[in-house]
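Worksheet: the structure to be examined is printed underneath.
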Amino acid sequence: MGKYFQEEIETASREEIVKIQNEKIVKQVKHVYDNVAYYRDLMDKKGVKPEDIKTIDDIKKLPFLTKADLRDAYPYGLLGTDLKDCVRIQSTSGTTGKRVVAFYTQHDIDLWEECCARAIVAAGGTNEDVVQVCYGYGLFTGGPGLNGGSHKVGSLTLPMSSGNTERQIQFMMDLESTILCCTPSYAAFIAESLAEKGYKPEDNKLKAGIFGAEPWTEEMRQAIEKGLGIKAYDIYGLTETSGPGVSFECEEQTGMHINEDHFYAEIIDPDTGEVLPDGEVGELVFTSLDKEAFPLLRYRTRDLCVLSRKKCSCGRTHVKMSKPKGRSDDMLIIRGVNVFPSQIETVLLNEGYTPNYQIIVDRKNNTDTMDINVELTPEQFSDKVAEVADKEKALEGAMRTMLGIGPKVHLCAPKTIVRSEGKAVRVIDNRKLH
Ligand code: ADP
Ligand code: ZN
């Protein structure tokens with residue numbers, strides 16, 4: 001197998017990509033208008049008819065869909081085909097509220113798995129690899145998506161699902177896994193567990209990891225790469241658009257190529273809905289260009305990032321998105337200052353701490369408080385109270401510089417913060433603002 005899973009489309013010229021998008025959007029808007037009453041109503045309210053959409057640029061005329069729409073239309077309101085034509089249901093993890101369900105025809109499954117296969121090949125995967133998938137299987141899209149992608153590549157697939165870290169390690173070593181797929185927080189936990197068992201990074205046969213489904217920083221990437229002795233690739237996706245594989249990293253590791261032949265991306269100002277030019281940070285909006293069963297148009301992801309069309313050394317031509325900073329609703333507003341958990345992760349890893357931390361936000365006497373519990377490694381752990389207090393002060397200073405506000409840092413004993421096997425829970429907000 002070569003460098004690409006589907007070379008022709010992955011390296012197509014801009015003109016070719018736009019041509020495909022123009023053809024697909026006209027067909028897709030008609031499909032949605034004819035079959036999805038919920039969206040037809042939104043278009044009618046906006047006074048847009050399918051005939052008004054002649055090219056991909058006309059997409060701006062269409063109404064947005066939000067998570068609230070998905071909840072209103074739950075469960076069948078956005079279905080684009082007969083249920084008898086659907087072969088699968090998946091669901092969101094429910095990280096930010098009630099779960100959303102998505103439907104797939106066989107065609108939808110195929111295109112999703114092909115997107116995941118592109119990601120695996122971009123990470124160096126071939127039919128000679130052993131791909132250990134420890135994303136959760138079941139309703140969550142992580143396991144099924146990478147599993148299907150790995151089959152399409154022809155790799156030997158280990159459908160481990162998440163959890164049971166002992167067994168993950170045993171199979172990884174015995175069956176000589178070469179590619180690991182899981183959330184970055186679980187990858188960090190696996191690396192930690194391997195080290196505890198006395199394994200060095202060079203003792204495993206892993207060469208690459210494909211990690212996503214939650215925000216993670218460059219510092220976290222370096223820590224995982226070092227801990228496992230691999231190259232760590234990012235992968236992004238959401239249930240609403242199919243699952244992982246909407247975009248993926250190539251060897252350049254300067255953003256994730258969006259599979260533009262299937263998903264059209266826009267960046268908008270989250271407050272005004274205005275489309276922003278490439279290079280500006282805003283909310284990512286996706287249109288599924290050819291999904292049949294759950295064909296969302298202009299879906300607002302709430303993920304904040306930047307698009308870039310800079311030429312990529314890997315030869316792929318599809319637009320790249322930056323690592324999402326987190327969702328707009330992950331952003332904490334502490335005493336009026338915007339704080340992202342990813343900023344805290346950056347400081348911790350830069351200061352030599354582990355990614356085992358938890359942020360606790362509360363409101364006392366009408367003032368927001370932020371406490372950060374940070375776990376120490378056995379080597380860092382000390383009984384000397386003065387030493388701990390000094391370290392806490394130093395970390396509080398570094399946090400203040402990064403965030404613009406001063407949180408309270410508490411250094412905790414090793415193994416006191418719960419490890420994540422799926423998406424990590426980084427923030428506990430006790431303010432009950434919602
Ligand atoms: P839920 O919304 O319940 O978490 P999903 O499991 O579909 O449902 O998760 C999709 C979300 O996960 C995305 O909208 C995004 O916020 C996050 N996500 C997925 N991949 C990445 C990634 N590589 N980096 C950062 N965030 C990611
Ligand atoms: Zn590239």
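Listed residues Tyr38, Tyr33, Tyr76, Tyr104; which is modelled with pLDDT of 95 or more, in contact with a Cys (Cβ under 7 Å, 6 or more places away or on another chain) and in the same structural domain as Pro244 (by TED's automatic domain parsing)? Just a single option satisfies the conditions, and that option is Tyr104.
Out of Tyr199, Tyr233, I need the residue that is within 16 Å of ligand 2 (Cβ to nearest atom), hydroxyl-bearing (Ser, Thr, Tyr) and not assigned by TED's automatic domain parsing to the domain that holds Tyr357. Which one?
Tyr233
For the range 288-334, filtered to residues that are aliphatic (A, V, I, L, M) and in contact with a Phe, Trp or Tyr (Cβ under 8 Å, 6 or more places away or on another chain), the residue that is farthest from Lys24 (Cα to Cα) is Leu332. Kindly evaluate Thr272 against the criterion of being of a type in the set (Ser, Thr, Tyr) and without any contact (Cβ under 8 Å) to a residue 60 or more places away in the chain. Criteria met by Thr272. In the range 202-217, of all residues being open to solvent by 60 Å² or more (accessible area, probe 1.4 Å) and at pLDDT 95 or above, the one that is nearest to ligand 2 (Cβ to nearest atom) corresponds to Lys207. Residues of the range 156-171 that are open to solvent by 10 Å² or more (accessible area, probe 1.4 Å) and either under 21 Å from Gly227 (Cβ atoms) or of a type in the set (S, T, N, Q) (or both): Thr157, Leu158, Met160, Ser161, Ser162, Asn164, Thr165, Glu166, Arg167, Gln170, Phe171. For the range 48-62, the count of residues that are under 25 Å from Val101 (Cα atoms), assigned to a loop (DSSP other than H, G, I, E, B) and in the same structural domain as Tyr299 (by TED's automatic domain parsing) is nonzero. Name every residue in the range 103-130 that is over 19 Å from the mean Cα position of the chain (by Cα), over 23 Å from Leu78 (Cβ atoms) and open to solvent by less than 10 Å² (accessible area, probe 1.4 Å), in order of residue number. If the condition is that a residue be over 19 Å from the mean Cα position of the chain (by Cα), over 23 Å from Leu78 (Cβ atoms) and open to solvent by less than 10 Å² (accessible area, probe 1.4 Å), then Gly125, Asp129 are the ones that fit.
Identify all residues within the range 65-95 that are among the small types (Gly, Ala, Ser) and either touching a residue at least 60 places away in the same chain (Cβ under 8 Å) or within 16 Å of ligand 2 (Cβ to nearest atom) (or both); write none if there are none. Within the range 65-95, Gly80, Ser91, Ser93 meet the criteria. Find all pairs meeting these conditions: Cβ atoms under 7 angstrom apart; at least six residues apart or on different chains; first residue within the range 311-327 and open to solvent by 30 Å² or more (accessible area, probe 1.4 Å); second residue near ligand 2 (Cβ under 9 Å from one of its atoms). From the range 311-327, the pairs are Ser313/Glu252; Ser322/Gly255. Out of curiosity, is Gly245 farther than 14 Å from Pro324 by Cα, within 16 Å of ligand 2 (Cβ to nearest atom) and touching a strand residue (DSSP E or B) at 6+ places or on another chain (Cβ under 6 Å)? Yes; evaluated as a whole, the condition is true for this residue. Would you call Thr272 among the β-branched types (Val, Ile, Thr), out of contact with any strand residue (DSSP E or B) (no Cβ under 9 Å at 6 or more places or on another chain), surrounded by fewer than 23 Cβ atoms within 10 Å (Cβ to Cβ) and outside any strand (DSSP E or B)? Against the criterion (among the β-branched types (Val, Ile, Thr), out of contact with any strand residue (DSSP E or B) (no Cβ under 9 Å at 6 or more places or on another chain), surrounded by fewer than 23 Cβ atoms within 10 Å (Cβ to Cβ) and outside any strand (DSSP E or B)), Thr272 qualifies. Exactly one residue out of Glu266, Glu240 is assigned by TED's automatic domain parsing to the domain that holds Arg99, modelled with pLDDT of 95 or more and either open to solvent by 40 Å² or more (accessible area, probe 1.4 Å) or away from ligand 1 (no atom under 12 Å from the Cβ) (or both), and it is Glu266. Only residues that are open to solvent by less than 10 Å² (accessible area, probe 1.4 Å) and either without any contact (Cβ under 8 Å) to a residue 60 or more places away in the chain or acidic (Asp, Glu) (or both) were counted in the range 49-64, giving 1. Scanning the range 329-342 for residues that are within 14 Å of ligand 1 (Cβ to nearest atom) and either under 27 Å from Leu376 (Cα atoms) or buried (at least 17 other Cβ atoms within 10 Å of the Cβ) (or both) yields a total of 5. Is there a residue being touching a residue at least 60 places away in the same chain (Cβ under 8 Å) and open to solvent by 40 Å² or more (accessible area, probe 1.4 Å) anywhere in the range 172-184? So far as the range 172-184 goes, no, none of its residues is touching a residue at least 60 places away in the same chain (Cβ under 8 Å) and open to solvent by 40 Å² or more (accessible area, probe 1.4 Å).
The residue of the range 69-119 that is nearest to ligand 1 (Cβ to nearest atom), among those that are among the hydrophobic types (A, V, I, L, M, F, W, C) and touching a His at 6+ places or on another chain (Cβ under 7 Å), is Cys115. Residues that are within 21 Å of Cys314 (Cβ to Cβ) and free of Cβ contacts under 8 Å to residues at least 12 places away in the same chain within the range 3-45 comprise Glu7, Glu8, Glu15, Glu16, listed in sequence order.
Of note, Asp303 does not satisfy the criterion of being within 16 Å of ligand 1 (Cβ to nearest atom), modelled with pLDDT under 90, acidic (Asp, Glu) and surrounded by 13 or more Cβ atoms within 10 Å (Cβ to Cβ). Of the residues screened, Asp383 is not one that is in contact with a helix residue (DSSP H, G or I) (Cβ under 8 Å, 6 or more places away or on another chain) and in a loop (DSSP other than H, G, I, E, B).
The values are calculated or read from the model by the stated rules, or taken from the named source; none is laboratory data. Keep in mind it's a predicted model, so treat the numbers as computed, not measured. In this analysis, Cβ positions are derived from the backbone assuming ideal geometry, glycine residues included, and neighbour counts consider all displayed protein chains. Surface areas here come from the heavy atoms of the whole protein model, side chains and all, with no ligands, DNA or RNA. Shrake-Rupley method; radii C 1.70, N 1.55, O 1.52, S 1.80 Å.
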